[in-house]
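Colleague: What follows is a single structure, and I will ask about it in a moment.
The values are calculated or read from the model by the stated rules, or taken from the named source; none is laboratory data. None of these values were measured; they are calculated from a predicted model. A quick note on method: Cβ atoms are made from the backbone with ideal geometry, for glycine too, and the neighbour counts reach across all protein chains shown. For the accessible areas, the whole protein counts, side chains as well, though only heavy atoms, and no ligand, DNA or RNA atoms are used. Shrake-Rupley method; radii C 1.70, N 1.55, O 1.52, S 1.80 Å.
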Amino acid sequence: MANALRALAMDAVEQARSGHPGMPMGMADIATVLFTQFLRFDPEAPDWPDRDRFILSNGHGSMLLYGLLHLLGYPDMTLDELKRFRQLGSRTAGHPERGLATGIEVTTGPLGQGLANSVGMALAERLLATQFGDQIVDHRTYVFCGDGCLMEGISHEAIGLAGHLKLNKLIVFWDDNSITIDGPTSLSVSDDQLERFRAHGWTAERIDGEDTDAIAAAIRRAHLSERPVLIACRTTIAFGAPTKAGTAAAHGSPLGPEEIKGAKERLGWEFPAFVVPDDVRAEWREAGARGAGTRRAWEARLAAAAPDRRAEFQRRWKGDLPADFDGHIAKLCDDFRSKNAKLATRQSSGEVLEALVPAVPELLGGSADLTPSNNTRTKNDIDVRPGDFSGRYMRYGIREHGMAAAMNGVAAHGGLIPYGGTFLTFTDYARPAIRLSALMEVGVIYVMTHDSIGLGEDGPTHQPIEHLAALRAMPHLMVFRPCDSVETAECWALALKHRHAPSILALTRQGLPLLRTEAGSENRSARGAYVLAEASGERQVTLLATGSEVSIAMAAKDALAAAGVRAAVVSMPCWELFEAQPQAYRAAVLGRAPRVGVEAAVRLGWDRWLGDRSAFIGMSGFGASAPIDALYPHFGITAEKVAEAARSLL
Ligand SMILES: Cc1ncc(C[n+]2csc(CCOP(=O)(O)OP(=O)(O)O)c2C)c(N)n1
C-alpha cells in the first residue's frame, strides 16, 4: 500500500517535470499506518466536524497527501487530478491549498506554518470539547513535518505554546531524514530535537519510520500521553530510489525515468505510470470506508443531543452569527453616541468586546502579551490554562507569529472565531501567518493597536509607518481603521460578518472625539468610505482621511470654512470595501474637486484615491520618540497643514 503512494508521487512529479518526490517516498509507511489504522475520517463526509485533523506541514511533499486522498476515495481527487499535478486549474497545486480539494485542512508550503496551525487546531478541539462535551467533540490532530519546519523560528513559538497548554491530542511525526535542499542537515543544524521538545513539555521518542509495527506502537503510546507528542521517524528520503535515496538530489526534482525504473524494481512495483493494481486499490478503499460507521455514530449522538446544544453546534458550524447580533451592534452605537466620550479606538474596541464576548460564544480572544494595551480581554473573561479549556481568553505570550498561525488553525478548524492582539507594528512579526489567513480566506481578526506615531513616546521602533500600505497590499485581507467609537463597533461587526476574509483592526492608543453623532442604525463603514461631512454648497476640496486623522480633517474643514472654502470630509475606514462599491458610488464620494489625503503613515497606495490635483499629509520617514502633542506638529500632520494644502490646490 505504501508503495502505491511512492509510485504515484514519482509518476506525478515526473509527468509535471516538477515537484518533490523524496518526502512522499520517505514518509509513505508512516502515512499508510496512520491513515489505514488510526486516522478518523470519512471521504464521503470530508467536513465531518469531529474528524481527526491531518496537517502536512512539510507541504512540498504534497503528492503524498494527494496520493492518499485519491487512494482513500475522496471523490474530488481523481486519477486525472494526479495526472494534472501542478497544472493550471488542477486541485493538485504545487503545495496543498485549503479549498482546492476536500481533505486539505490548511494551506502549507511555507515551512513551519502547518505545525503552528496544528496548535490552533488542537486547541480548538479542546475548547469545543469543553463547551459541547466529548460526545460531540473528541478528535486528534496529526501533523507531518520535516527538518525545515523544525528549523523555522515559528516552530519555537508553536511547540512552546502547545507544551505549555498540554495539548495532549496533538501528535507530530517528524520526517527525521537528515536531508534538506542544500545537503545533509549537519551543514546547518546540531539541535537535539528530542531534548528540545521535551524541554518544551512534550513527550518525544525516536522510531524507525520505515517499520510499520514500530509506527503503530508509537501512535498507540502517543494516545496515552498527557502531553503533546513528537515522534521522530528515522526515514530515508526517496526510499527505494537506487542512486538518489538518502540524498538532497531527491528532495525537489523529478527522479528521471531510469531512477524511477530502478526504484520500482527495488520496491517490487511492476506497474506502469499511474497504474495501481485492483487489489491494492481495494485495500486502500477499504481503509477509506473504515470511518463511515464512526461518522454515522457521531451524527446519531449529535441528533440525540439536547436540542439547544445541537442547534448551537450547528449554528457555529455553519458560521452564522447569533440571531440578535445586529441588535447588539446597534445598541453599542447608541450607547457610544449617548455617552459622547473621547475614547481611543482601542478602548472603544474593548467596550465592543464587553458586549460581544458574552453575546457571541464562538469568540476566542487573546493577545501576544499586550492584553492591557490591546484591550482584548473583557472583565468576565476566563483564561485558557494548561489542561483547563473552560476559558475563552488566550495568553499567547510574546509569540506574535505563533499566535497568528494558531489563530489560522482555530479558524480553519471551525466552531470558533479567533481574535488576537498586538501592536500594529508587530504585524511584521506575524506577517507570514497573516498572509496565509488571507490565502486561505479564514476569518481571523487581528486587533492591532497603537496604530501610528500617535502612540508617542515608545518611538519609531513601535510606530507603524509603512504597515497600513503593506497590509493593504495583501489580497483578501480587510484593513479597518475606524475614526471613532461608532466606526469601531461597525468595523467589528464587518470583521465578524466576513467569515471568509481575515481582518486587521488598526486602533489608536490616543483618545479621539466622537464624530459619528447622527442617529440611525445603518453601518456606514460597510461601504468602506463615505461622506462624513458634506461641504455647505458645492465642494471646492475633498479631504480623505482614516482613523485618528479623520478628526484632524474635520478640524481642517472648519478652518477652511472660516476662510470661505467649502470642504467635504470623507472617512475611509476600509479601502477594500470601498473598492468593491459600484463606480458611481465611489465617484460620488470622491467628488470632482481637488483632494487631500490625510493619514499618519506613508503615501504609498493613496494615489489611487487622490487624482491629479491632490496633496497628501502624512509620514515620509520613520517617526520619533516624543509625546504625541509634539509629534503631530513635528511631522506636519495638523489641521492647519491640511487646510494649507487644500488652499494650495484651489
Ligand atoms: C519558510 C520557507 N523557507 C524556505 C522554503 C523552501 N524550501 C522548501 S523545502 C525546503 C527544505 C526542507 O527540508 P526538509 O524539511 O528536511 O524536507 P525534505 O528535504 O526532507 O523533504 C526548503 C528550504 C519554504 N518552503 N518555506
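Colleague: Being open to solvent by less than 10 Å² (accessible area, probe 1.4 Å), touching a Phe, Trp or Tyr at 6+ places or on another chain (Cβ under 6 Å), more than 16 Å from Ala31 (Cβ to Cβ) and more than 16 Å from the ligand (Cβ to nearest atom) narrows it down to one of Leu68, Leu127, so name that one.
Modeller: Leu127
Colleague: Inside segment 195-226, can you point out the residues that are in contact (Cβ under 8 Å) with a residue 24 or more places away in the chain and among the small types (Gly, Ala, Ser)?
Modeller: Once the filter is applied, which keeps residues that are in contact (Cβ under 8 Å) with a residue 24 or more places away in the chain and among the small types (Gly, Ala, Ser), segment 195-226 yields Gly201, Ala204, Gly209, Ala216, Ala222, Ser225.
Colleague: Moving on. Look at segment 571-614 and say how many of its residues are within 19 Å of Ser452 (Cβ to Cβ), of a type outside the set (Phe, Trp, Tyr) and touching a helix residue (DSSP H, G or I) at 6+ places or on another chain (Cβ under 7 Å).
Modeller: Selection size over segment 571-614: 13.
Colleague: Looking only at strands (runs of 3 or more DSSP E) that fall completely inside segment 365-456, which ones have 3 or more residues that are closer than 17 Å to Trp492 by Cα?
Modeller: The strands (runs of 3 or more DSSP E) meeting that bar are 417-423, 445-449.
Colleague: Name the residue that is nearest to Leu100 (Cα to Cα), counting only residues in segment 12-28 that are more than 15 Å from the ligand (Cβ to nearest atom) and open to solvent by 10 Å² or more (accessible area, probe 1.4 Å).
Modeller: The selected residue is Ala16.
Colleague: Turning to a different aspect of this structure: Looking at (1) over 34 Å from the mean Cα position of the chain (by Cα); (2) assigned to a helix (DSSP H, G or I), which is the one condition that is false for Val550?
Modeller: (1)
Colleague: Shifting gears a bit: Do you know which residues across segment 132-153 are under 18 Å from Ala406 (Cβ atoms), more than 11 Å from the ligand (Cβ to nearest atom) and not in a loop (DSSP other than H, G, I, E, B)?
Modeller: Thr141, Tyr142, Val143, listed by residue number.
Colleague: Within segment 206-228, is even one residue under 27 Å from the mean Cα position of the chain (by Cα), open to solvent by 20 Å² or more (accessible area, probe 1.4 Å) and under 27 Å from Asn408 (Cα atoms)?
Modeller: yes
Colleague: Cβ-Cβ distance below 8 Å, separation of 6 or more or different chains: which pairs start in segment 289-304 with a residue that is within 22 Å of Leu68 (Cβ to Cβ) and end on one that is among the acidic types (Asp, Glu) and open to solvent by 60 Å² or more (accessible area, probe 1.4 Å)?
Modeller: What qualifies is Ala292/Glu44; Arg295/Glu44.
Colleague: Being over 28 Å from Ile465 (Cβ atoms) and among the polar types (S, T, N, Q) is the filter here; which residues of segment 499-543 pass it?
Modeller: Selection gives Thr517, Ser521, Asn523, Ser536, Gln540.
One line per residue, one yes/no per condition, for (1) within 24 Å of Ser62 (Cβ to Cβ); (2) of a type outside the set (D, E, K, R); (3) free of Cβ contacts under 8 Å to residues at least 40 places away in the same chain:
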{"site": "Gln135", "(1), (2), (3)": "no, yes, no"}
{"site": "Gly163", "(1), (2), (3)": "no, yes, no"}
{"site": "Leu167", "(1), (2), (3)": "no, yes, no"}
{"site": "Thr185", "(1), (2), (3)": "yes, yes, yes"}
{"site": "Gln193", "(1), (2), (3)": "yes, yes, no"}
